[in-house]
Amino acid sequence: MADPVLHIKDSYFFEVPKFLWPRHYDSVLEVPEFLRKAHPDATVGEWNHALTGKILIPQPFGTLKNLYEKESGFAISKYMILEVAAAILLYFVFTRFADRVSSKEPPKGRFANLMETFVVFIRDGIARKAIHHHADHFVPILGTLFFFILTLNLFGMIPWLGSPTAAFGVTSALALVVFATSLIAGTKEFGPAGMWLNMVPHIDMPWWLAPLKYVIQFMLLIIEAIGLLVKHAVLGVRLLANIVAGHLVLVAILAMIASAAGAASHIYATTAVVATLAATALSVLELGVAFLQAFVFTFLSALFINMASHAH
């Protein structure tokens, strides 16, 4: 656990303060087998110390190699549980909101007004500004992306949970959803071949230069197709990089406290106070980043959908 990257890496356990989840193994045989295989010489006391504060996730469908890697099968990780929790939370929140909207009653109360503000912003501030034609058709997918990413980002602000958007598998899956939506929207608008031909600009050249014209258009088609893939790949990498960078800086600042304590430095108290204040200020900034990155991802998604479903 000395590596700060492990603090934001996906794992097969939840880590909480040690006093909340103590371990009192009486025998080494009580330790999970995959851990005993990795460290056969560890004693009961060492296992109790190492696993105190770690809530291991049951693995009914797979086996683990260690706390961060699977051996085989379908292993359930911390980020998977958080993603399911986010989906369930959003389902209940927006089921309640949809019931209010379908009743044709004006929004009343803080909850209804807050949800209406977010939804109207996604519709008017993102979908209609970026897509224009048939923009309202894409509000559901854009709203789902925004609220799902925002919820996952906010999970990262809660102690002992983690941000699933700090995993490349999560952000790349979200980017694939946007890519699939763009392909479906473009295919529906122009047809299977028309969507790709729509990427090729018209070139006004004399008839006797037709061969050169077709060569240029073919090259542009290849470049645009590669660009389409790269843009969606960068969409996932951008979200990942921003979330990971913020958490790494936060871990580095807090690690100064442990370093000063370990070195028995006489400036430990000063370091602890300064690092705590800096971490608090950075956490406030991270809260803003959580909303900003959800907006940026959703807005870029709307732009890419617009590019695929409208004539250039």
Worksheet entry | Per-pair calculated FRET efficiency, R0 = 51 Å: Tyr268 and Leu89 via Cβ, rounded to 0.05 | 0.80
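Of Phe121, Phe218, how do they rank once you tally other Cβ atoms within 10 Å and put the fewest first?
On the way: Phe121 14, Phe218 11.
With the sparsest Cβ surroundings first, the list reads Phe218, Phe121.
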Worksheet, complete the sentence: Once both label points are put 7 Å beyond Cα along the C-beta direction, the Ala173-Ile76 separation in nm becomes 1.5 nm
Worksheet item: Where the only charges are on Cβ atoms (+1 Lys, Arg; -1 Asp, Glu), what is the dipole of the chain about its Cα centre, to the nearest 20 debye?
Response: 540 debye
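In nm, what is the difference between 0.36 nm times the number of residues separating Lys18 and Phe218 and their Cα-Cα distance? Mind showing how you got there, number by number?
On the way: separation 200, 0.36 × 200 = 72.00 nm, distance 6.21 nm.
Extra length available between Lys18 and Phe218 comes to 65.8 nm.
Taking N as the number of residues in segment 83-179, what is its alpha-carbon radius of gyration divided by 2.2 N^0.38 Å? Walk me through the numbers before you get to the answer.
Values: Rg = 14.8 Å, N = 97, 2.2 N^0.38 = 12.5 Å.
Normalised Rg, Cα atoms only: 1.18.
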Discussion item. Sequence gap at least 6, Cα distance under 8 Å: using those rules, report the relative contact order of the chain to the nearest whole percent.
Written reply: 21 percent
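Stretch Phe111-Ser259 to full length: gain in nm at 0.36 nm per residue minus the Cα-Cα span?
On the way: separation 148, 0.36 × 148 = 53.28 nm, distance 4.40 nm.
Contour length minus Cα-Cα distance gives 48.9 nm.
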Discussion item. So I have (1) 117; (2) 217; (3) 165, and one of them is volume of the Cα convex hull per residue in Å³ calculated from this model. Which one is it?
Written reply: (2)
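Taking Cα pairs under 8 Å and at least six residues apart, what relative contact order does segment 47-111 come out at, in percent? Intermediate results must be reported in sequence, preceding the final value.
Numbers: 28 pairs, mean separation 11.5, N = 65.
For segment 47-111, the relative contact order is 18 percent.
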Worksheet item: Which percent of Cα pairs goes in each bin when the distances of segment 48-129 are cut into 10 angstrom slices starting at zero?
Response: 14, 27, 21, 15, 19, 3
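If you stretched the chain out fully between Thr187 and Asp204, how much longer would it get, using 0.36 nm times the residue separation minus the C-alpha to C-alpha distance?
On the way: separation 17, 0.36 × 17 = 6.12 nm, distance 2.59 nm.
Taking Thr187 through Asp204 to full extension adds about 3.5 nm, to one decimal.
Using DSSP H assignments, which helices in the chain have an axial alpha-carbon span of 20 Å or above and a mean Kyte-Doolittle hydropathy of 0.5 or higher?
Numbers: long enough: 78-102 (35 Å, 1.06); 139-155 (24 Å, 2.15); 168-190 (32 Å, 1.40); 210-262 (75 Å, 1.75); 268-309 (59 Å, 1.62).
The qualifying helices are 78-102, 139-155, 168-190, 210-262, 268-309.
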Practice prompt. Report P(r) for segment 4-76: all Cα-Cα distances, bin width 5 Å, range 0 to the bin holding the largest distance, values in whole percent.
Written response: 3, 15, 24, 25, 23, 9, 1
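Only the coordinates and a few stated rules stand behind these numbers; no lab work does. The shown structure was predicted, so the numbers you read here are calculated from the model rather than taken from an experiment. Cβ sites come from the backbone with ideal geometry, for glycine too, and all protein chains shown count toward neighbours.
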